[in-house]
1. State yes or no: is A:LEU72 surrounded by 12 or more Cβ atoms within 10 Å (Cβ to Cβ), in contact with a helix residue (DSSP H, G or I) (Cβ under 7 Å, 6 or more places away or on another chain) and aliphatic (A, V, I, L, M)?
2. Any chance the range B:128-144 includes a residue that's in a strand (DSSP E or B), touching a residue at least 24 places away in the same chain (Cβ under 8 Å) and in contact with a Phe, Trp or Tyr (Cβ under 8 Å, 6 or more places away or on another chain)?
3. Out of curiosity, is B:SER81 polar (S, T, N, Q), crowded, with 17+ Cβ neighbours inside 10 Å, closer than 22 Å to B:VAL428 by Cβ and modelled with pLDDT of 95 or more?
4. For B:THR176, are the conditions met, namely being part of a helix (DSSP H, G or I) and either surrounded by fewer than 20 Cβ atoms within 10 Å (Cβ to Cβ) or under 24 Å from the mean Cα position of the chain (by Cα) (or both)?
5. Out of the residues in the range B:377-395 that are away from chain A (no Cβ under 14 Å) and in contact with a Phe, Trp or Tyr (Cβ under 6 Å, 6 or more places away or on another chain), state the one that is farthest from B:ARG331 (Cα to Cα).
6. Any chance you could count how many residues in the range B:154-173 are buried (at least 17 other Cβ atoms within 10 Å of the Cβ) and part of a loop (DSSP other than H, G, I, E, B)?
7. B:THR333 passes all but one of (1) crowded, with 20+ Cβ neighbours inside 10 Å; (2) more than 14 Å from chain A (Cβ to nearest Cβ); (3) out of contact with any His (no Cβ under 7 Å at 6 or more places or on another chain); (4) modelled with pLDDT of 95 or more; which number fails?
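The values are calculated or read from the model by the stated rules, or taken from the named source; none is laboratory data. It should be emphasised that the depicted structure is a prediction, and the values quoted were computed from it without experimental measurement. Please note: Cβ atoms are built from the backbone with ideal geometry, for glycine as well, and neighbour counts cover all protein chains shown.
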Amino acid sequence: MKINENLAISDNGFLFNPTTGESYTVNPIGAEIIEMLKSGETQERIISRLLDMYDTDKKTLEKDLHDFSDILKQYQLLSEDE
Amino acid sequence: MEKKQYERPHIIKLEAGMPGKFGMRSESLPVTHIDGVSVKELTTNFGSPLFVLSERTIRSVYRKALKSFSTRYPKVQFAWSYKTNYLTAVCKIYHQEGSWAEVVSGFEYDKAIANGVDPARIIFNGPGKSADDLRKAANGGSLIHIDHLDELYTLTDLAGELPRKPLVAIRVNMDTGIYPMWDRFGFNYENGQAWDAINKIMMAGKLELVGLHTHIGTFILSAGAYGVAAGKLADLALGIRQKFGHDIRYIDMGGGFASKNTLKGSYLPGSDTNPTFDDYAEAITSALVNSGFRPDNLPLLILETGRALIDEAGYIISTVIANKRLSSGRRATIIDAGVNLLFTSFWYQHPITPAQGFSQYREDNTLYGPLCMNIDCIRESANLPLLNKGDRIVIHYTGAYNLTQWMQFITLRPNVVLIDEDSKPHVVRENEMLSTINGPEKTPPHLA
């Protein structure tokens, strides 16, 4: 998966896409995932890192990360690898 | 290192635009306790979904309504509308507070008697009374509200064989300037049907006309309509006095007051915009006081309000079963309480609040119940925090009609708990089991 690398995220979860001029709000875990995607982390690695940070389980994370990725794709912030 | 509390990842596009005229703050501050009892404890002890009734709210709303009327009119009597919620515990609270019983079937009549209500304090309404029902009510000295001429003739015929003269009122329907005008119950005021019925009763002399009754509709958002209705009943009562020299004892304004619920399609919440008891009381009592009754001979004012008295006292606690996305990307949440328990969700946007803390992030949700049935939608759109499987929510203003119109459909009906004034929960109706459903069934021998 390839994230739009130009995305700017502020500390309080304001996300700006300079390509389209559109803005978003993202919650802290969402911002962390986007940062990890920008730094090229794999899905497995993202899940493993989040499991260390958050009080949850792997199945929940997998399900929610999948859902989050779908929404990022819908907003055209994330694309499949070419 | 202690792990952080998990919240699922969430992103939403910011849509620029003009702020809406009807912009409201989000509705869902968490409700973690009901009358001092934690929602978590309630579901742990009594299961989920769970109906919860607050005795404290039932009593306080009743007293507020009574005060609104009794401070404006000298003779006021409430009669608890059994069909709104006839759980024995609920009826007994209202009777303790001084309410009579208002019933609309033989079953409800028997229930009121079993609840210890004096038959003389039972008002028997409805279009479907059988001859046996009429005989029973007349013998008990109950107040029979006649709905149609066939009932009037039946009761007149029965009167000859009864030891006492049946006490009756007629139900009157009328144009009060609102839509829809209910004309399927009772006798019409404007076209003379009501006078026709009154003349028949007075001339036959077999029934004692003690009251006049109307019930102009349901969830009436215009208090003024009640003023029109009270004025028309007062006009009939004064006409009876003039024509027959007969004083009726009471005017019964029925029910139909709106609760705090919000009708679908409303811009603003019902809790802010619907008329209050004071509004209804002002309209009704002003019309009566300003009519031609002598101040020392005002009729008793009877009110049969149900919904507005109990809606606020009822809650359903429900648990999130799953989250999913619809094809449009819209969030859908499945909860364990369906429309078979929450019949009123077909016309209300019931307020829904989470039962645990949450962050400031929220999303629009469609809330579905657990039934494998497409109509099972509790809210088409509710802006809620990021709910996870297992989270609990509280659905508000569910006390009216849901506990009488609920259905055993696909799932079994859950426990109903009443929290008393000392914050002690009591099961007032046990959850159903397979035997509850299979018990009355009979299997033919060849299928056994």
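1. Working: surrounded by 12 or more Cβ atoms within 10 Å (Cβ to Cβ): yes; in contact with a helix residue (DSSP H, G or I) (Cβ under 7 Å, 6 or more places away or on another chain): no; aliphatic (A, V, I, L, M): yes.
Here the answer is no, as A:LEU72 does not meet what is asked.
2. Kept after step one, since they are in a strand (DSSP E or B), are these residues of the range B:128-144: B:143-144.
Cutting the leftovers down to touching a residue at least 24 places away in the same chain (Cβ under 8 Å) gives us B:143-144.
Retained after the next criterion (residues that are in contact with a Phe, Trp or Tyr (Cβ under 8 Å, 6 or more places away or on another chain)): B:143-144.
Checked the range B:128-144: at least one residue is in a strand (DSSP E or B), touching a residue at least 24 places away in the same chain (Cβ under 8 Å) and in contact with a Phe, Trp or Tyr (Cβ under 8 Å, 6 or more places away or on another chain).
3. Numbers: polar (S, T, N, Q): yes; crowded, with 17+ Cβ neighbours inside 10 Å: yes; closer than 22 Å to B:VAL428 by Cβ: yes; modelled with pLDDT of 95 or more: yes.
When the stated conditions are applied, B:SER81 passes them.
4. Numbers: part of a helix (DSSP H, G or I): no; either surrounded by fewer than 20 Cβ atoms within 10 Å (Cβ to Cβ) or under 24 Å from the mean Cα position of the chain (by Cα) (or both): yes.
Criteria not met by B:THR176.
5. By that ranking, first place goes to B:VAL394.
6. 1
7. Checking B:THR333 against (1) crowded, with 20+ Cβ neighbours inside 10 Å; (2) more than 14 Å from chain A (Cβ to nearest Cβ); (3) out of contact with any His (no Cβ under 7 Å at 6 or more places or on another chain); (4) modelled with pLDDT of 95 or more, the one that fails is (2).
Residues checked against (1) within 14 Å of another protein chain (Cβ to nearest Cβ); (2) in a loop (DSSP other than H, G, I, E, B); (3) surrounded by fewer than 21 Cβ atoms within 10 Å (Cβ to Cβ); (4) modelled with pLDDT of 95 or more:
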| residue | (1), (2), (3), (4) |
| --- | --- |
| B:GLU15 | yes, yes, yes, no |
| B:LYS21 | no, yes, yes, no |
| B:MET24 | no, yes, yes, no |
| B:GLU41 | no, no, yes, yes |
| B:TYR62 | no, no, no, yes |
| B:GLN77 | no, no, yes, yes |
| B:TYR86 | no, yes, yes, yes |
